[in-house]
Amino acid sequence: AMGNRIKSYHENVKAVTPFYESLMQTFDGQTDKTEIASKVAEFLSAPVSSAPVPPGGPLGIIIAGAPASGKGTQCELIVEKFGVVHISTGDALRAQVKAETELGMKAKEFMESGGLVPDELIIGIVKARLAEDDCKTKGWLLDGFPRTGVQAEAMIGAGIHATHFVLLEVPDEILVERCVGRRSDPDTGKIYHLKFHPPPEDDAELMARLVHRADDTAEAMGNRIKSYHENVKAVTPFYERLMQTFDGQAEKTGIADKVAAFLGTTPSSSGGASGGASRGGTSGGERGGGAVPRILMA
């Protein structure tokens with residue numbers, strides 16, 4: 001019976017600890033109890049770093065937002081302001097394939113067979129990209145990744161730690177409106193919106209070549225939004241201590257200013273996977289305070 005209980009414990013603790021890695025210290029439970037207590041007391045009295053890099057070190061930013069939330073615009077403004085390296089998993093994947101690295105060749109096999117590239121390969125590719133000199137010196141901005149809870153857990157397990165998590169929130173009905181009205185110019189790549197950023201109607205040639213993407217419909221967008229909500233709900237518990245929510249309906253420079261203010265601070269170390277970060281979202285300012293949690297492992 002004890003063997004079964006121990007096996008169950010190991011399975012459970014393996015699933016729990018990734019949420020608390022930066023707050024955790026392991027202790028040898030075989031030593032004298034007073035010696036253990038002394039070491040635990042020393043650990044509990046020490047400050048806990050709220051980020052995996054020292055204050056003033058390179059930023060490691062994750063940004064998440066639904067389709068049409070304005071995430072692409074904020075990525076551009078973050079890169080312009082902080083000089084971090086903007087990384088999308090698609091770009092990193094294509095670069096590895098082009099360079100014919102071991103990871104790239106493995107990924108290419110899945111791509112050519114029409115299969116999905118496994119999470120472990122994607123994580124390996126992301127880790128390899130973040131290990132390059134530009135990311136280590138300038139910092140990095142991961143665009144929409146991790147997308148799932150499994151990927152978030154794998155990232156932490158691979159030692160990839162963010163310093164800040166930016167979450168853009170926009171009501172679903174606004175997302176649909178933004179999406180349905182989008183039109184793109186295939187020649188220039190420029191994106192217009194029939195209501196919010198209309199193309200010049202006196203340019204007949206431009207108007208004639210504008211493209212309405214097949215998945216920019218209310219039905220398709222509804223499915224994409226539903227999938228996004230399911231995924232982001234699974235990802236955010238891993239990053240609550242590092243996360244700030246922003247109102248994606250605000251004017252883009254206003255959002256950028258609040259994001260910049262957030263990125264210029266060290267996120268509060270209060271709150272673990274279950275809470276502690278300010279999730280009010282619209283102000284982009286205050287974060288929760290209170291006692292700093294510690295996790296003890298024997």
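The values are calculated or read from the model by the stated rules, or taken from the named source; none is laboratory data. In this text, all values refer to a predicted model and were calculated from it rather than measured experimentally. Note that each Cβ is placed from the backbone with ideal geometry, even for glycine, and that neighbours are counted across all protein chains shown. Surface accessibility is based on the protein's heavy atoms, side chains included, excluding ligands, DNA and RNA. Shrake-Rupley method; radii C 1.70, N 1.55, O 1.52, S 1.80 Å.
Ranking Ser88, Ser69 from most to least accessible surface, computed with a 1.4 Å probe over the protein chains only, gives Ser88, Ser69. Database remark: amide H of Gly60 closer than 5 angstrom to the amide H of Trp140, Thr163, His164 (H placed geometrically; neighbours at sequence offset of 5 or more, or on other chains; Pro and chain starts carry no H).
For the peptides 246-252, 38-44, the ranking by packing is 246-252, 38-44, with the highest mean count of neighbouring Cβ atoms within 10 Å listed first. Contact order for the stretch 154-233, expressed relative to its length and based on alpha carbon pairs under 8 Å spaced 6+ residues apart, stands at 27 percent.
Remark: the stretch 238-247, residue by residue, has Karplus-estimated 3J(HN,Hα) of 6, 10, 4, 5, 9, 9, 9, 9, 10, 6 Hz, where x stands for each Gly or Pro and the curve is 6.51 cos²θ - 1.76 cosθ + 1.60 at θ = phi - 60°. Packing, as the average of other Cβ atoms within 10 Å across residues, places the peptides 206-213, 74-81, 10-17 in the order 74-81, 206-213, 10-17, highest first.
With Rh defined as the Kirkwood radius, the inverse of the mean 1/r over Cα pairs, the Rg/Rh of the stretch 186-234 is 1.14. Residues whose amide H comes within less than 5 Å of that of Phe145, counting only those at least five positions distant or on another chain, are Ile63 (H built at 1.01 Å from N in the peptide plane). Over the stretch 52-120, what portion of Cα pair distances is larger than 19 Å, expressed as a whole percent? Of all Cα-Cα distances in the stretch 52-120, 52 percent exceed 19 Å. In the stretch 95-138, taking the dipole from charged Cβ atoms about the Cα centre, the farthest positive-side position among Ala95, Val117, Thr137 is held by Thr137.
Please compare each pair in Lys71/Lys190; Lys81/Lys127; Lys71/Lys226 to a cut-off of 20 Å on the Cα-Cα distance and tell me which ones are over it. From Lys71/Lys190; Lys81/Lys127; Lys71/Lys226, over 20 Å: Lys81/Lys127. For the stretch 28-40, backbone phi angles converted through the Karplus equation (6.51, -1.76, 1.60; θ = phi - 60°) give residue-by-residue couplings of 7, x, 8, 6, 4, 4, 6, 5, 4, 4, 5, 5, 5 Hz, Gly and Pro being listed as x. Neighbours of Glu35 by Cβ distance under 14 Å: Lys/Arg scored +1, Asp/Glu scored -1, total -1.
One chain, two ends: Glu201 and Asp28. Fully extended at 0.36 nm per residue, the span grows by 55.0 nm beyond their Cα-Cα distance. In the calculated pair-distance distribution of the stretch 78-186, the portion above 23 angstrom amounts to 41 percent of the Cα-Cα pairs.
Computed from backbone phi with θ = phi - 60° and the Karplus coefficients 6.51, -1.76 and 1.60, the 3J(HN,Hα) list for the stretch 75-81 is 4, 4, 6, 5, 4, 4, 6 Hz; x is used for glycine and proline. Normalised by the number of residues in the stretch 71-168, the average gap of Cα pairs under 8 Å and 6 or more apart makes the relative contact order 33 percent.
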